[in-house]
Amino acid sequence: MTRVAPDGLSEPGVTLWDSVCADFALSEHEAAQLEEACRIRDTISQLRAQLADDGLMIPSSQGMRLHPVIAEIRQQQLALARLLFSLRVPPLEEDDLPPAGAVRGTYSTRPRGAKQ
């Protein structure tokens, strides 16, 4: 069954939605996670557009400084990576990024004190 992309997604989010749904059958909770990932992907796209408009450096009362949107892009990318990793979604071809390993900060189900 092919799922229809949720309302309100822009092109980057719809592209991610369509590519994942074309290759994977998702349960309801996975579809909810994917929707959040798609919304984050749209947010990243919007933030990058803002950065392109404003430039890397912006004036402040203390002189020129790095645009604060850069830190937000990084945070959004981390959230996106964690969601996609939890869904075990491989990177999109156009992302041109190396494959992700384990996401730092996750917890295993191994009981405390158990030996490996």
Filter segment 1-19 for residues that are closer than 23 Å to Gln75 by Cβ, outside any loop (DSSP other than H, G, I, E, B) and open to solvent by 50 Å² or more (accessible area, probe 1.4 Å) and give the result.
Glu11, Thr15
Do we have Gln46 as open to solvent by 60 Å² or more (accessible area, probe 1.4 Å), over 22 Å from Thr15 (Cβ atoms) and at pLDDT 90 or above here?
no
Quick test of your reading of the structure: Ala22 fulfils all but one of (1) outside any helix (DSSP H, G or I); (2) of a type in the set (A, V, I, L, M); (3) touching a Ser or Thr at 6+ places or on another chain (Cβ under 9 Å). Name the failing condition by number.
(1)
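The values are calculated or read from the model by the stated rules, or taken from the named source; none is laboratory data. Because the structure is a prediction, the values reported are computed rather than measured. Every residue, glycine among them, receives a Cβ derived from its backbone with ideal geometry; neighbour counts consider all protein chains shown. Ligands, DNA and RNA are excluded from the accessible area calculation, which covers all protein heavy atoms including side chains. Shrake-Rupley method; radii C 1.70, N 1.55, O 1.52, S 1.80 Å.
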